[in-house]
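For reference, the structure is listed below as structure tokens.
Please treat every number below as a calculation from the coordinates, not as lab data. Quantities reported herein were computed from a predicted structural model and do not represent experimental measurements. Because the Cβ atoms are built from the backbone with ideal geometry, glycine has one as well, and the counts that use them run over all protein chains shown.
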């Protein structure tokens, strides 16, 4: 295998005061087992690159959303809860920020990485424009045409306050240029949700 593209995560950055998140930032201590496993994967990739010359690109995905999204992730949970008039948890009253990135833009970044062996690289794939979670919920409310029912407990220690990608390296090395605004991406997600879950 001459070239590996590894799906990593923005969660490797944990709690950090450095904004936006850059690939050369120290990773410090992971906040949960999931990012710990991704850091381990990135390090294993470096080891294989060092020992065997395998090209290894770790793509750090930031808050991916869109059609066919997992039902245990926030965009689906929020939408499904509003549709069925159930409450959901929105940590810290929605005063957290996520760098929501449309799945189609992520796929374009992955395809570009597959075509470009780069040695050993870690590259952010985000949008570079964090959105307050309370505003994200309001966007979905407008699409569905109903108000959300929310509980607003404190965020658990596994949740960072913000995710914010510096995508300069992705632009330079991959020609990455995210095009889909969050409002448009959510509209596509909502159309898919209606087809798959409301019109059967």
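Axis angle, to the nearest 10 degrees, between helix 103-114 and the longest C-alpha principal axis of the chain: 10 degrees.
What do you get for Rg/Rh over the chain if you use C-alpha atoms and the Kirkwood form of Rh?
Details: Rg = 17.7 Å, Rh = 17.8 Å.
Expressed as Rg/Rh, it is 0.99.
Between residue 6 and residue 47, the contour length at 0.36 nm per residue exceeds the alpha carbon distance by 13.4 nm. Mean residue ellipticity at 222 nm, helices only, the chain: -11500 deg cm²/dmol; runs of at least 4 DSSP H residues each add -39,500 (n - 2.57), and the sum is divided by the number of residues.
Determine the shape class of region 123-200: with a ≥ b ≥ c the square roots of the Cα gyration tensor eigenvalues, call it rounded for a/c under 1.5, and otherwise prolate if a/b is greater than b/c, oblate otherwise. Oblate shape, in that a/c is at least 1.5 and b/c is the bigger or equal ratio.
Out of all DSSP beta bridges in region 3-198, what portion is antiparallel? Express it as a percent rounded to 5. Intermediate values should be presented prior to the final figure.
On the way: 2 of 22 bridges.
The answer is about 10 percent antiparallel.
Mind ranking 190-199, 97-106 by how tightly packed they are, going by the mean number of other C-beta atoms within 10 angstrom, highest first? Write out the running numbers ahead of the final one.
Working: 190-199: 13.2, 97-106: 22.0.
Top of the packing list down: 97-106, 190-199.
In terms of the Cα gyration tensor, with a ≥ b ≥ c the square roots of its eigenvalues, is region 1-108 rounded because a/c is under 1.5, prolate because a/b exceeds b/c, or oblate?
Values: a/c = 2.59, a/b = 1.75, b/c = 1.48.
In terms of gyration-tensor shape, prolate.
GNM remark for the chain: springs join alpha carbons under 10 Å apart, and the peak mean-square fluctuation among 63, 81, 11 falls on 81. Roughly how many Å is it from the Cα centre of region 104-122 to that of region 60-75, as a whole number? Comparing the Cα centres of region 104-122 and region 60-75, I get a distance of 19 Å. Quick check: the angle from helix 182-193's long axis to the longest principal axis of the chain, C-alpha only, nearest 10 degrees? Roughly 70 degrees, rounded to the nearest 10.
For the pair region 22-44 and region 139-198, the centres of their Cα atoms are 23 angstrom apart. Helix 74-83 and the long axis of the chain differ in direction by around 10°, with both axes built from C-alpha atoms. The ratio of the alpha-carbon radius of gyration of region 110-157 to the globular-protein estimate 2.2 N^0.38 Å is 1.89.
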